[in-house]
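The values are calculated or read from the model by the stated rules, or taken from the named source; none is laboratory data. For clarity, every value in this text was computed on a predicted model and none was experimentally measured. For neighbour counting, all protein chains shown are included, and Cβ atoms are generated from backbone atoms with ideal geometry for every residue, glycine included. Side chains are part of the model used for accessible areas, which takes the heavy atoms of the whole protein and leaves out ligands, DNA and RNA. Shrake-Rupley method; radii C 1.70, N 1.55, O 1.52, S 1.80 Å.
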Amino acid sequence: MKLLLIGASQGIGFELLQQSLQAGHEVTLIARNPDRLEVKHERLTVFKGGILDQGVIEQAIHGQDAVYITIGTKPTRKPVSVYSAGTKTVIQAMKQSSCRRLLCVTGIGAGDSRGHGGFVYDKIINPLLLKTIYEDKDRQEAIVRQSELDWEIVRPGFLTNGAHTGKYRILTNLIGVKAGNISRADVADFMLREAAEMQYSKQTPLLTY
């Protein structure tokens, strides 16, 4: 497959980049600082830019089979808009192309996953450190849902740098669920598989062990 990764310089996106290349896919990456990228490969094409660069997005999206949005920001209490504004930019470009598959990472605390992180996360960490981030992730999810694309919103539990196991729970019914840990590598495992299968199309699966 031909895959476009936006936000792959670290974290889930970087794991996804490595697994995609190992699986034999052709990967296009948009990065603000391409010179810092440690991965070089004959099947990797890199565009310099960010998720808000409409022209770069439009150019990179040509001929792709699926698009991944895995951007992240540091904890802040200041207003955040990059998730929603960037996703709107990507969707506008996708509507002008033949690419219809969009896989987007938000996280535990977005949408109806709010209240499923446990007392410390739900009552202390999220309200004090992540409130404005998750307000924008809610806007981001709404924009994705309203699109006419074939989309999936992926909500990982608490991220770790653990091993790639391929063994995790995929939950769409959160009644009685409290999210646990999940490695970034296993989130990438799920997302890579879903680019081809889209078994959770127009759903918001929670990933956890």
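Scan region 1-54 for GluC sites (Glu not before Pro) in coil per DSSP, keeping those whose Cβ has at most 11 other Cβ atoms within 10 Å, and list them by number. Don't skip to the answer; put the middle values down first.
On the way: sites: GLU15, GLU26, GLU38, GLU42; in loops: GLU38, GLU42.
Here the sparse-neighbourhood loop sites are GLU38, GLU42.
Quick one: net charge of ASN161's neighbours, Cβ under 15 Å, K/R +1, D/E -1? Each step should come with its number before you reach the end.
Details: positive: ARG184; negative: GLU15, ASP186, ASP189.
Computed value for this residue: -2.
Please get the size of the charge dipole for region 1-105, origin at its Cα centre, with Cβ charges of +1 on Lys and Arg and -1 on Asp and Glu, quoted in debye to the nearest 20.
Dipole of region 1-105, to the nearest 20 debye: 400 debye.
Accessible area of the chain with a 1.4 Å probe: how many percent of it is carbon plus sulfur? Present the calculation step by step, with values, prior to reporting the outcome.
Numbers: 4970 of 10200 Å².
So the carbon and sulfur contribution to the accessible surface is 49 percent.
Using θ = phi - 60° and the Karplus curve 6.51 cos²θ - 1.76 cosθ + 1.60, what whole-Hz ³J(HN,Hα) does each residue of region 198-209 get, with Gly and Pro shown as x?
Residue by residue, region 198-209 yields 6, 5, 10, 4, 6, 10, 10, x, 9, 10, 7, 7 Hz.
Quick check: from the Cα gyration tensor, does region 32-142 come out rounded (a/c under 1.5), prolate or oblate? Walk me through the numbers before you get to the answer.
Working: a/c = 2.26, a/b = 1.80, b/c = 1.26.
Taking the square roots of the gyration eigenvalues as a ≥ b ≥ c, region 32-142 is prolate.
Using the Kirkwood formula over every pair of different C-alpha atoms, what hydrodynamic radius in Å results for the chain?
17.1 Å
On alpha carbon coordinates alone, what is the Rg over Rh value for region 1-76, Rh being the Kirkwood radius? Let's see the in-between values first.
Details: Rg = 11.6 Å, Rh = 12.4 Å.
Rounded to two decimals, Rg over Rh is 0.94.
Estimate the FRET efficiency between ALA85 and LYS202 by the formula 1/(1 + (r/R0)^6), using the beta-carbon distance for r and 25 Å for R0, to the nearest 0.05.
After rounding, the FRET efficiency stands at 0.65.
Please name which of ILE170, ILE12, ILE133 has its Cα lying farthest along the dipole of the chain towards the positive end, using unit charges on Cβ (Lys, Arg +1; Asp, Glu -1) and the Cα centre as origin.
Positive-end residue among those listed: ILE133.
Can you tell me what share of the DSSP beta bridges in the chain is antiparallel? A percent to the nearest 5 is fine. Please report the intermediate quantities before stating the final value.
Details: 3 of 31 bridges.
Expressed as a percentage, antiparallel bridges in the chain total about 10.
For SER98 and ILE125, FRET efficiency with R0 = 35 Å and r from the beta-carbon atoms, rounded to 0.05?
Values: r = 41 Å, r/R0 = 1.18.
Working from the Cβ atoms, E equals 0.25.
Using DSSP, restrict attention to beta bridges with both residues in region 18-106 and report what percent are antiparallel, rounded to the nearest 5.
Values: 0 of 9 bridges.
Taking every DSSP beta bridge with both residues in region 18-106, the antiparallel ones total about 0 percent.
According to the Kirkwood expression over distinct Cα-Cα pairs, how big is the hydrodynamic radius of region 114-178, in Å? Could you put the intermediate results ahead of the total?
On the way: mean 1/r = 0.0708 Å⁻¹.
About 14.1 Å for region 114-178.
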